[in-house]
Amino acid sequence: MDIRFDGRTAIVTGAGSGIGAAIARELGASGAHVVATDLDGATAAETAAAIAAAGGQAEAAALDVADAGAVAALCDRVAAERGLHLLVNNAGIGGPLAPTGDYPLDGWRRVIAVNLDGVFFGMRAAIPHMAAAGGGAIVNIASILGSVGFAGAPAYTAAKHALLGLTRTAALDHAGQGIRVNAVGPAFIDTPLLDNLPADAKAGLAALHPAGRLGRPDEVAALTLFLLSDRAGFITGSYHLIDGGYCAR
Ligand code: NAP
């Protein structure tokens, strides 16, 4: 299936690493002008450089998605310069691992700020521009932990569950303006996000998937690009697992 985004501009958050970097690279290879953003501007610049080296168009920006003003300023600038058509709210953190009864307050607040507030700030800033331009498409990177719980990760699980309600409501609010909003729910994907787990944990996590392995960032990128594309023109307000069968049991 040939999916192209020529003439469209995409903002990707958390594009300096893992899933976000893979999505940004695939968008660049598919003709989009990519605005690769990350908390760490240097890693965003690396992704933009990789896109350019492969013949695509990209720019980089440092962006903390938990900073509503900065998110709005970036969306306003991009929309004014070249139009804003696509948004991938990907930035996320794992946060501390601790039982709910012991969970640190600062960890809770930071996970909710990045993984939930950040997605709301992105949509709030981008949607008016998309509406004015006649439409757009948004993908929010949720998780299987939007569907099921995971011991030791109450903040992450709460944020990802909430993200699904936010996605559905934004889709209802803006379907009439030609804006589609969907969520993707990856299981455990082999990225630096898993690096704060104990050394032997990756093998244990892989075994939780009926497919018998962790997922890859490029697999999440493929689903995300489909949902952003016109091929998915009748898909909005929905949540798409990519989980090696994790939630099928
Ligand atoms: P990753 O490799 O750690 O990449 C996440 C990126 O987001 C990093 O570059 C990180 O920057 C950036 N970031 C962190 N806080 C930010 C902020 N406040 N503003 C902007 N950028 C920020 O993780 P990943 O696995 O690719 O995760 C991407 C998304 O997929 C997340 O939403 C995550 O919850 C979701 N997801 C991941 C998995 C998995 O197993 N990997 C499974 C399901 C869902 P720094 O490195 O500088 O902090």
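The values are calculated or read from the model by the stated rules, or taken from the named source; none is laboratory data. The shown structure was predicted, so the numbers you read here are calculated from the model rather than taken from an experiment. Ideal geometry is used to build each Cβ from the backbone, glycine not excepted, and the neighbour counts take in all protein chains shown. Note: accessible area is taken over every heavy atom of the protein model, side chains too, but ligands, DNA and RNA are not part of it. Shrake-Rupley method; radii C 1.70, N 1.55, O 1.52, S 1.80 Å.
Structure summary
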item: Only one of Asp218, Asp195, Asp243, Asp200 that is buried (at least 19 other Cβ atoms within 10 Å of the Cβ) and of a type in the set (D, E, K, R); result: Asp243
item: Of all residues making up segment 97-122, the number that are within 16 Å of the ligand (Cβ to nearest atom), over 17 Å from Ser143 (Cα atoms) and open to solvent by 30 Å² or more (accessible area, probe 1.4 Å); result: 5
item: Inter-residue pairs, beta-carbon under 9 Å, first away from the ligand (no atom under 12 Å from the Cβ) and in segment 204-232, second among the hydroxyl-bearing types (Ser, Thr, Tyr), 6+ apart; result: Pro210/Tyr246; Ala211/Tyr246; Leu225/Ser30; Leu227/Ser238; Ser229/Ser30
item: Residue within segment 94-110 that is within 20 Å of the chain's Cα centre (by Cα) and β-branched (Val, Ile, Thr) present; result: no
item: Any hit, segment 169-191, residues being over 28 Å from Arg8 (Cβ atoms), within 11 Å of the ligand (Cβ to nearest atom) and part of a helix (DSSP H, G or I); result: no
item: Within segment 196-248, tally of residues that are more than 20 Å from Leu164 (Cβ to Cβ) and either in contact with a Gly (Cβ under 8 Å, 6 or more places away or on another chain) or part of a loop (DSSP other than H, G, I, E, B) (or both); result: 17
item: Residue, nearest to the ligand (Cβ to nearest atom), within segment 142-168, restricted to residues that are under 15 Å from the mean Cα position of the chain (by Cα) and open to solvent by 20 Å² or more (accessible area, probe 1.4 Å); result: Tyr156
item: Scope segment 1-29; condition assigned to a loop (DSSP other than H, G, I, E, B) and either open to solvent by 20 Å² or more (accessible area, probe 1.4 Å) or within 16 Å of the ligand (Cβ to nearest atom) (or both); matching residues; result: Met1, Asp2, Ile3, Arg4, Asp6, Gly7, Arg8, Thr13, Gly14, Ala15, Gly16, Ser17
item: Complete set of residues in segment 123-135 that are among the small types (Gly, Ala, Ser), part of a helix (DSSP H, G or I) and either open to solvent by less than 60 Å² (accessible area, probe 1.4 Å) or near the ligand (Cβ under 10 Å from one of its atoms) (or both); result: Ala125, Ala126, Ala131
item: Output for segment 30-58, where each listed residue is open to solvent by 40 Å² or more (accessible area, probe 1.4 Å) and in a strand (DSSP E or B); result: Gln57
item: Exclusive hit being open to solvent by less than 60 Å² (accessible area, probe 1.4 Å), more than 14 Å from the ligand (Cβ to nearest atom) and of a type in the set (A, V, I, L, M, F, W, C), set Val139, Val71, Val88, Val78; result: Val78
